Amino acid sequence: MTSGLDLDSPRVQQIDSDEDVVRVRQLVRTVAVAAKLSLVDQTKLVTAASELARNTLVYGGGGRVEVSTAERDRRRGIRIAFIDDGPGIADLDLALTDGYTTGGGLGLGLSGARRLVDEFDIETAVGQGTRVTVTKWSR
């Protein structure tokens, strides 16, 4: 039993404020627990989601997150897409480099999130926004 949470229905959360970043963390944790990810995998996924939600807000000017479950080879996973209509990323290779930052932080947002998940995909175009999709699979 998954405590009444329908894992087959995708969930969408707007990201327009710091409070929304907290809501994204809570949503991802709730879905990860219901999908029976291990505590370690829950923590990794929530941490990656927090970084990516913050990037959506700060660099993308806000947007939305779509949280859904996925299945492959009898394994359940959590797939999360962060979508914004912001300025896009001009140099993706540079943005994915450890230590690179345009915001004065540690520069571990994208590259750190990529290391915390099992699958990481990014689509971006200058002037058209960015979509980052991550997946964490149960063990």
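The values are calculated or read from the model by the stated rules, or taken from the named source; none is laboratory data. A quick note: this is a predicted structure, and the numbers were derived from the prediction, not measured. Cβ atoms come from the backbone with ideal geometry, glycine included; neighbour counts cover every protein chain shown.
Take the conditions assigned to a loop (DSSP other than H, G, I, E, B) and of a type in the set (Asp, Glu) and apply them to residue 121. Does it pass? So residue 121 does not fit the description; no. Every test in (1) under 25 Å from residue 8 (Cα atoms); (2) surrounded by fewer than 18 Cβ atoms within 10 Å (Cβ to Cβ) is passed by residue 49 save one, and that test is (2). Quick one: is residue 62 on the phi > 0 side of the Ramachandran plot, of a type outside the set (Ser, Thr, Tyr), in contact (Cβ under 8 Å) with a residue 12 or more places away in the chain and surrounded by 14 or more Cβ atoms within 10 Å (Cβ to Cβ)? In short, yes.
The single condition among (1) at pLDDT below 95; (2) crowded, with 19+ Cβ neighbours inside 10 Å that residue 41 does not meet is (1). Within the stretch 86-98, the set of residues being in a loop (DSSP other than H, G, I, E, B) and without any contact (Cβ under 8 Å) to a residue 40 or more places away in the chain comprises 90, 91, 96, 97, 98. Against the test of being among the hydrophobic types (A, V, I, L, M, F, W, C), assigned to a helix (DSSP H, G or I), within 15 Å of residue 118 (Cβ to Cβ) and modelled with pLDDT of 95 or more, the options 22, 28 yield a single qualifying residue, 28. If you go through the stretch 59-85 and keep only what is outside any loop (DSSP other than H, G, I, E, B) and among the acidic types (Asp, Glu), you end up with 66, 71, 84. If you filter the stretch 12-24 down to residues that are surrounded by fewer than 17 Cβ atoms within 10 Å (Cβ to Cβ) and of a type in the set (D, E, K, R), you find that the one that is nearest to residue 61 (Cα to Cα) is 16. Within the stretch 40-58, residues that are within 18 Å of residue 83 (Cβ to Cβ) and in contact (Cβ under 8 Å) with a residue 40 or more places away in the chain reach partners that are among the acidic types (Asp, Glu) and assigned to a helix (DSSP H, G or I) with beta carbons closer than 8 Å, at six or more positions or on different chains, in the pairs 57/18; 57/20.
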